[in-house]
Structure formats: structure tokens, C-alpha cells
Amino acid sequence: MLRRPRSEWADATVMLGGGGARGLAHLGAVRAVGHSGMGIGRLVGVSMGALMAALIAAERDVERAESLAREFLVSDRYRTLQKTVLDAAIGTHGKDETNDRWLRRWRSVFWIQKAVSRAARSESLLPGTLLQAITEELLPDINIEDLRTPLHLVAVDLRNGERVSIDRGPLREAVQASMSIPGVFPSVEIDGRQLSDIGVYDAVPCDMAIEMMEGQGELIVVDVSPTESSNAACKTAIQSILRFQELAEARIRQHQLRLADIVVRPQVGSVAWFDFTNPDPLIQAGYDAASTALLRKT
């Protein structure tokens, strides 16, 4: 494909894909886009990418957005939220003081034997109040259309399977809908639609972004899917099931990424979606990957 000189580019559309905690890399990636001198005309967010895109659009200063995210993740407020959710899901196991202990408790939530039992009795493994509290902590109580940077948040309607782009209405509610992993968090009802996270199978829906762009500008996609797999050995039944899901999602992702003008692929390893204990390396990985990808396209 013949590339135009950067000076001739219109403001880019930047899509931030799904990936849980690995989505912290989006902050570094968007900072690198800004440092390149390229304008951002539109943000598109999926799952964790929806939260990061909303935070950046609301702050209009990605370094400020980084600071807010870091401060929240080390705050007593966040640790209290974690403890409340984990105690409700698996019971109290004493005072948590280390990151390793937090991670062990989070992993125990998804231990297959207990998870199946809980899933049979309730709508979701975790309460929606966790996402509600996070969005209330990080995002202003405004409508999406009030943001100066156009923002589209992508979810799926569980009733009919249609992908939905939310570009109007309450910002916090839309972010919660895009982040509500089916079965893990309850779906969010918006305008008669039962909305959930689409990122588990279509983490970077580039075709939707291209429709929004109407032929204007370039599409930059930040893909934070795992660069390593912890399930590749397939030593257990659950590892085999999870590996199959990874392979299926990877096939869809590869097809979608062919539609992008620039793909940013941070080296995020196999960080679990709930592991927010070490944000700085993830943010830096996003910055490094985006800087390299943008330099390559000049």
C-alpha cells in the first residue's frame, strides 16, 4: 500500500483493543502518538480499551490520565474494592498485604470447580459494582457527546449478537457495558439492549472503525492481546478449552488487523487480565511499541 507523507495525514482514528490489565499499555501508546505530532481525530475503545479511551478523551492529557490510573491502582480505595469483591466471591482469608497474595485470591475466583458452582447459582462470578466503582473513580459524570474528542465504545448485544458502537449517552454506563465480560460481570441494559464485552472474541473490530471513519484519515490499532500463552501446554482440560478460545480469537484478530494502517503490538507477555499490580512496565511497553511502529511508517 502506498503511504502518504505524515504531513498529509488527516487526524488519525486510534482504536484501543481489549485485554484487561494489559490495556494499561494503551496509555503509553497514545502518549507516543501525541509525541509523534500526529493528531487524534477519534478514539475507539473495546473492553479495557474503552476505559482507557474514555479516560484519555475526558482528560485530554494522556500524561494526566496515566497519573490518575497509577494513583488509583495504588490507592486504599482500590484495595478496599478488591477486598470487598473477593470476600463476596470466595470469602475472607485474612488481611491482604502483598501483590502475590492479591493475585492468588483473584486466581482462586476463577478456579474451575468453584467457578462452575457459582456460575450455576448467579448471573456472574463478580458483581457489577466493581466496574461501577472504578468508572465513578476515574471518569466524570458526563455524556459521551459532551467530550471534545469523538469517542466510540464497542460492545455486543447478547440478545441478538449484534456489535454495538456507543457514541452517545452516559459515559460511565457505556464503559461498564464494554467492560462487562460475559459470565464474569453482569451485562448492562442500555436502550433495551443487553450489552457485554465483545473483546473475548473480537478484541479489535477494525471493520467497525473503518465505517466510522468514512474514508478520512488513518487507522491506528493498539492490540494488547497476550504475546505469550500460559495455556499452550494444554496439560489440563481447562487449559485446552482456554487455548482453543485463544486460537479462535487470534484468527479473528489477524483478519481484523489486516484492515489497519498501523498496528501497535506491545510486548505484554501473558499478564492475566486481572493483574494490575505492576502498571509501569505495561505503560512503557505501549510507548515503546507505538514509537517503533510510527517511526517505521514515516
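The values are calculated or read from the model by the stated rules, or taken from the named source; none is laboratory data. Since this is a predicted model, take the numbers as computed values, not measurements. Neighbour counts run over all protein chains shown; Cβ positions are idealised from the backbone, glycine included. Accessible surface is based on the protein model in full, side chains and every heavy atom, while ligands, DNA and RNA are left aside. Shrake-Rupley method; radii C 1.70, N 1.55, O 1.52, S 1.80 Å.
A simple packing score, the average count of other Cβ atoms within 10 Å per residue, orders the peptides 194-202, 45-53 as 45-53, 194-202, with the highest score first. What a 1.4 Å probe finds exposed on the stretch 159-298 is 51% carbon and sulfur by accessible area, rounded to a whole percent.
Each residue, ARG70 and THR149, gets one label point 7 Å from its Cα in the Cβ direction; the gap between the two is 1.8 nm.
Per-residue extension of 0.36 nm, minus the Cα-Cα distance of LEU158 and GLU136, leaves a gain of 5.5 nm for this segment. A straight chain from TYR201 to ARG77 at 0.36 nm per residue would run longer than the Cα-Cα distance by 41.5 nm.
Specify whether the C-alpha gyration tensor of the stretch 155-205 places it in the rounded, prolate or oblate class, a ≥ b ≥ c being the square roots of the eigenvalues: rounded for a/c under 1.5, otherwise prolate if a/b is larger than b/c and oblate if not. In terms of gyration-tensor shape, rounded.
If you model the stretch 251-298 as an ellipsoid using its alpha carbon gyration tensor, with each semi-axis the square root of five times an eigenvalue, the axes come out at 22, 17, 6 Å, biggest first. Computed from the C-alpha gyration tensor, the three semi-axes of the ellipsoid equivalent to the stretch 165-298 are 24, 23, 16 Å, from longest to shortest.
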